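The values are calculated or read from the model by the stated rules, or taken from the named source; none is laboratory data. No experiment lies behind these values; they were computed from the predicted model shown. FYI the Cβ positions are ideal-geometry reconstructions off the backbone, even for glycines, and counts take in every protein chain you see.
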Amino acid sequence: MPPTPTMSNTILLHKASDGELINNLKGTGIDKKKAEEQLFTTYSYFIKEGERKYKLSHEDIFDAYADAALAVIEKIKDDSFKGLSSIKTYLYQVFHNKCVDLLRKKTTNKQSVHQTASITESMFELSDSAKSIINKLMEKTDFDLLKQKLNELGDNCRQLLLLWADGYSDKEIVAELTYKTADVVKTTRLRCMDKLRQLYNTKLY
Amino acid sequence: MENLDYIESYFKNELPAEEKTQFEQKIINDKNFAEEVAFYCSARQIIKDELNKEKKEQFKKIYQQKNISHQNTGIVKKIWTFSAAAAAIIVIVFGWYFFVKPVSTQQLADEYIQQYFQTLGVSMSSKQDSVDVGKSLYNDGKLPEALQQFEKIINTNSKNFEAIKYAGIVSLKLKNYDKALAYFSQIENDSVFSNPAKIYKAITLMERNNAGDKEQAKELLQQIIQNNLDEKETAEKWLKKKW
C-alpha cells in the first residue's frame, strides 16, 4: 500500500484531481510542464519512504522515483494508463518495481553490466523478423557517441528534437518555437535527424 | 531525407496496412534501409533519454528547493517559538497598559473627533440647502463662519435638529465645550431616526475633562447602552476600559 500522504500532499491532491492532472499532462506548453512537476512533487514523499523501506541510497531512490514519475507521465500521455487505479497507486507500483529491480541488481552485482537502449514502444509494431533485425542493428549502436553528436547539433536542432521526443506534434512545435508552419517544422526536424546521422556516421567510419 | 519521412510515417502509424507490410519486408531485404530504420530508432531513443535527463535535473532542483524550504521551516519553527514567547510578553505588557492602566478619556474623544468630525457629509443634490452651506464652510475649515450659518438657521427655526447638531459639533471643534454641551442637551431626547447627541455630549465632557465630567460622560454612555441608542457599540467598547 502506498504510504499515507502528509497534510501538504493531501492539500495538493485536492487542488488538482487526477482528471485535471491527466488533462494537463496530455496538453502542451506551460500547463503540461507544470502538471509534470506537480505529479512529481505531489508524491515526492515516496522518496523518503523508499529510503526507509528499501535501504538504498538517496541518489538511487531519487532516480527510481524520478524514473517512475517519468514513466507514469509517459503512460498517461500515450493513453496506456486506463485510470483503473489512482495515479498515486499506479505511480507507487511503478516506483516499487523500480526499487525492487534496483535491489536485485545490487544483490546480484549486475549493475555494472552494460545496458543497451530499451526497445521503443513503436518498435513493438514491427513484425518479429523485422524487429529482430532492427534489434541486432541497434545493439551495434554506439549510444555514447550518438549522444555526443546530438549535443553537437546546435541548440535549435536539439530543442526541436527534444520537443518532438516529448510528444509535441509539428503544429504544436510551431506555437512553442519560432517556425512559421508545421511543414517547416517537419522539414527542419527531418534535416536535423539527417544531420545527426551524418555526424554520427562520419565519426564512425 | 526521403527515407526518414517514410520511416517516420510507419512509426506514426500513417501507412496503410499494405505499405506497412512492404516496409517490414524492405527491412528484411534491404540492409541499408534496415540500418536507417535502426538509426532512427536509436536516435529517437537517445533523444528521449536526453529529454528525460533534463526533466530529472529539473525534478532534482524542485526537490532540493522543497527540502530546503522544509529545512527552513524547521528554523522558522524555532524562530517562531522565541517569537511567540516574546509576543506573549508584549501582549501581557500591552494588555496591562490598555486594560489595567486607566484610559485617557480625552484621548478616546480625540480619536473619535479625528475619525468622524473631519468632514461633514454634504448633499449630492445640485441645490444646496442652508444646512449644506454650513457644512461646506465647515469642510473648508471656516469653523466660525460655519457656526454662524448654523446659528442663523437656529434663529429662524429653534427646533432644526440638524442645525443644532452641527452647531454643537462646530462648537466642540472650536473647544467651546459649554456651548457644545448646551446644543447637544437641546436635542439629546429628540425622537429622530438617528440621534447621536448623547454620545456627542459624552465626548464633549470627556474633552473638557473638568471635575465630575468623566463620571457624567460614563453615565451617558451607560444610558446609551441601556436604551440601545445610537453608537451603542462605541459606548460598550469605551466602558470596557478602566476609567
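Residues that are under 16 Å from A:GLN93 (Cβ atoms), at pLDDT 90 or above and assigned to a helix (DSSP H, G or I) occur in the range A:18-39; there is at least one. Would you confirm, using the coordinates I've provided, whether B:GLU57 is without any contact (Cβ under 8 Å) to a residue 40 or more places away in the chain, touching a helix residue (DSSP H, G or I) at 6+ places or on another chain (Cβ under 9 Å) and more than 9 Å from chain A (Cβ to nearest Cβ)? Taking the combined requirement at face value, the residue does not satisfy it.
Considering the range A:79-165, the qualifying helices (runs of 4 or more DSSP H), each wholly inside and each with 3 or more residues that are at pLDDT 90 or above, within 13 Å of chain B (Cβ to nearest Cβ) and within 30 Å of B:ALA34 (Cα to Cα), run over A:128-139, A:143-152, A:155-165. Among the conditions (1) at pLDDT 65 or above; (2) within 10 Å of another protein chain (Cβ to nearest Cβ); (3) within 34 Å of the chain's Cα centre (by Cα), B:HIS70 misses just one, which is (1). The residues on offer are A:LEU137, A:LEU162, and the sole one that is more than 18 Å from B:ILE7 (Cα to Cα) and surrounded by 13 or more Cβ atoms within 10 Å (Cβ to Cβ) is A:LEU162. Taken over the range B:4-35, residues that are facing chain A (nearest Cβ under 9 Å) and either in contact with a strand residue (DSSP E or B) (Cβ under 8 Å, 6 or more places away or on another chain) or aliphatic (A, V, I, L, M) (or both) amount to 4. Does B:GLN45 satisfy being modelled with pLDDT of 80 or more, under 31 Å from the mean Cα position of the chain (by Cα), of a type outside the set (D, E, K, R) and in a helix (DSSP H, G or I)? It is false that B:GLN45 is modelled with pLDDT of 80 or more, under 31 Å from the mean Cα position of the chain (by Cα), of a type outside the set (D, E, K, R) and in a helix (DSSP H, G or I).
Scan the range A:166-180 for residues that are away from every other protein chain (no Cβ under 13 Å), surrounded by fewer than 17 Cβ atoms within 10 Å (Cβ to Cβ) and without any contact (Cβ under 8 Å) to a residue 24 or more places away in the chain and the total you get is 4.
Candidates are the residues of the range A:38-59 that are within 11 Å of chain B (Cβ to nearest Cβ) and surrounded by fewer than 16 Cβ atoms within 10 Å (Cβ to Cβ); the one that is nearest to the chain's Cα centre (by Cα) is A:GLU59.
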